[in-house]
Each structure stands twice: as structure tokens, then as C-alpha cells.
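This report refers to the structure that appears directly beneath it.
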Amino acid sequence: MRRSYKIAHTLLAGLVRFLFRVKVTGLENEPGKCSVLLCSNHVTLLDPICINAVLRETEPFYMAKKELFKIPIVKSLLKALGAYPVNRGSGDIGAIHKTIDLLKNGNCVGIFPQGTRCKGIAPEDTKFKNGAALVLSKVSVPVLPVRVKVKNNRWRPFRKMEIVIGKQIPENELAFNPNEPKNEEYARLTELIRSRILEL
């Protein structure tokens with residue numbers, strides 16, 4: 001692990017477990033150091049920190065909205081945790097290329113396919129975007145589905161949170177078929193990822 005990540009992870013893990021009363025299920029499915037796309041539903045701004053805090057051997061990198069990098073303390077924390085900026089809503093090709101490069105170099109990258117926080121809304125009632133499918137059309141890696149569960153899909157301090165880590169979706173199930181229309185393949189992969197998250 002990077003030294004900055006290890007320090008940030010150590011400092012945050014205990015605090016997160018205390019504030020969020022975090023329970024983790026499926027830790028045996030943690031991939032460790034390997035190339036994998038982690039896909040999770042999105043309830044709170046702190047989801048990446050909470051997921052990172054419960055993982056022991058895996059060091060996920062995340063996209064984070066660029067506005068957060070304008071806040072000095074938050075910027076330092078995000079960088080220590082491996083986050084990188086994305087300009088949401090504009091089709092940030094640079095952020096997509098960064099994601100692909102990280103995966104090609106054997107890293108875990110986290111994506112929230114809902115595209116934004118869905119506070120108070122069950123993931124079953126939200127639409128997942130095609131960002132993960134776009135990445136998978138450029139690089140062949142397995143997907144690690146993760147689900148964040150809190151009561152009424154709203155986080156409150158000291159409210160119980162459960163993070164469920166599922167079994168990886170293997171590369172052969174995620175293979176992008178270049179002979180099919182791109183939009184149909186994006187939709188197929190997105191629905192596959194969505195269904196595996198909802199199963200957790």
C-alpha cells in the first residue's frame with residue numbers, strides 16, 4: 001500500500017466504524033491487490049471512505065467530483081485515499097482514461113454506477129448509468145459488486161451501516177461484444193452489474 005494511503009486508512013478506519021457502526025459482510029470476497037472494478041450503490045458522500053475503511057488488503061482508487069478538490073483539507077484526504085477528480089455531467093474523457101490506466105496497471109478502481117448519491121431512495125428505484133460499462137468496453141477486468149445498506153437509505157450519525165461485498169463477476173460474463181450495437185452492450189453490462197448489486 002502507498003504510505004499516504006496506509007496512514008489515512010489507519011486514522012479513518014476506527015473513526016468510521018465508530019461513527020457509522022459499520023458491519024461488513026463478505027470480507028472473504030475481498031480481491032486484494034489486483035485489477036478489478038469495484039461497483040457500489042451510493043447513499044452518502046462518505047461511502048468511498050466507509051468502503052475503504054472495511055477493506056484490509058485492497059486499495060481502491062475513486063473518481064470524486066472536482067468541486068471537492070477545492071476544499072484544502074478534503075483535497076488532502078482525497079488524494080491520500082487515491083481519489084482523482086471528475087467533471088460530472090460533461091463526459092470527462094480524462095477521468096475515464098485515468099480509470100482505464102489504473103486498471104491496466106493492476107489496481108482496484110471504485111465506481112458508483114448511479115452517478116450520484118441517492119439519499120432516501122432504494123437502489124432498486126434508481127437508474128444506473130453506463131460509465132462502468134464504458135470502462136469495461138476498453139479494458140477486460142472482473143467487477144466486484146458492493147452494496148451499502150442503511151435504514152431508509154439515509155445515513156445518520158451512529159446509525160447502523162452494513163457493507164456487503166459480493167463475489168466477483170468474472171471477465172467472461174462481462175465480455176464486450178463488438179459485433180453488437182454499443183448502446184445495447186452498454187445497457188446489458190449495466191443491468192448485469194445493477195442486478196448483482198441488488199442481489200446483495
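How would Asp47, Asp101 rank on accessible area, largest to smallest, probe 1.4 Å?
If we order Asp47, Asp101 from most to least accessible, we get Asp101, Asp47.
Using a 1.4 Å probe on the protein heavy atoms only, what accessible surface does Ile73 show? Give it in Å² to the nearest 10.
In the full protein context, Ile73 sits at about 140 Å².
Using a/c under 1.5 as the rounded threshold, could you call the stretch 34-141 rounded, prolate or oblate? The axes a ≥ b ≥ c are square roots of the C-alpha gyration tensor eigenvalues, and prolate needs a/b larger than b/c, oblate otherwise.
It is rounded, given that a/c, with a ≥ b ≥ c, falls under 1.5.
Can you list the lysines whose alpha carbon is less than 24 Å from that of Lys79, not counting same-chain residues fewer than 8 positions off?
Hits, sequence-local ones excluded: Lys6, Lys33, Lys65, Lys66, Lys70, Lys98, Lys104.
Can you give the calculated 222 nm mean residue ellipticity of the chain, where each DSSP H run of n ≥ 4 adds -39,500 (n - 2.57) and the sum is split over every residue, rounded to the nearest 500 deg cm²/dmol?
Value at 222 nm, helices only: -11000 deg cm²/dmol.
List the aspartates and glutamates whose Cα lies under 17 Å from the Cα of Lys75, skipping any in the same chain that are fewer than 8 positions away.
Those aspartates and glutamates meeting the cut-off are Asp47, Glu67.
Taking every pair of alpha-carbon atoms in the stretch 78-180, give the share separated by more than 17 Å as a whole percent.
Within the stretch 78-180, distances greater than 17 Å cover 62 percent of Cα pairs.
What residues qualify as long-range amide H neighbours of Cys39, i.e. H under 5 Å apart, gap of 5 or more or another chain, H built at 1.01 Å from N?
Correct list: Ile111, Leu144, Val146.
At a probe radius of 1.4 Å, what is the per-residue accessible area of His97, in Å² to the nearest 10?
Around 100 Å² of this residue is reachable by solvent.
Where the centroid of each part is defined by its Cα atoms, how far is the stretch 24-86 from the stretch 107-170 in Å?
Measuring centre to centre over Cα atoms gives 11 Å.
Can you give me the P(r) profile for the stretch 132-200? Cα pairs, bins 5 angstrom wide beginning at 0, each as a whole percent.
3, 16, 23, 18, 13, 10, 8, 5, 2, 1, 0
Points 7 angstrom from Cα along the Cβ direction at Glu173 and Phe158: gap in nanometres?
4.0
Keeping every protein chain present and rolling a 1.4 Å probe, give me the accessible area per residue for the stretch 144-200 in Å².
Value for the stretch 144-200: 57 Å² per residue.
Beta carbons within 10 angstrom, averaged per residue: use that to sort the peptides 20-27, 156-163, highest first.
20-27, 156-163
With labels modelled as points extended 7 Å from the Cα through the Cβ direction, what inter-label distance (nm, one decimal) is found for Glu67 paired with Ile121?
1.6
Give the carbon-plus-sulfur fraction of the accessible surface of the chain in %, rounded to a whole number; probe 1.4 Å, heavy atoms of protein chains only.
54
The values are calculated or read from the model by the stated rules, or taken from the named source; none is laboratory data. Bear in mind that the values here come from a model prediction, so they are computed numbers and not experimental data. Counting neighbours? That spans all protein chains shown, and the Cβs are built from the backbone with ideal geometry, glycine included. Accessible surface is based on the protein model in full, side chains and every heavy atom, while ligands, DNA and RNA are left aside. Shrake-Rupley method; radii C 1.70, N 1.55, O 1.52, S 1.80 Å.
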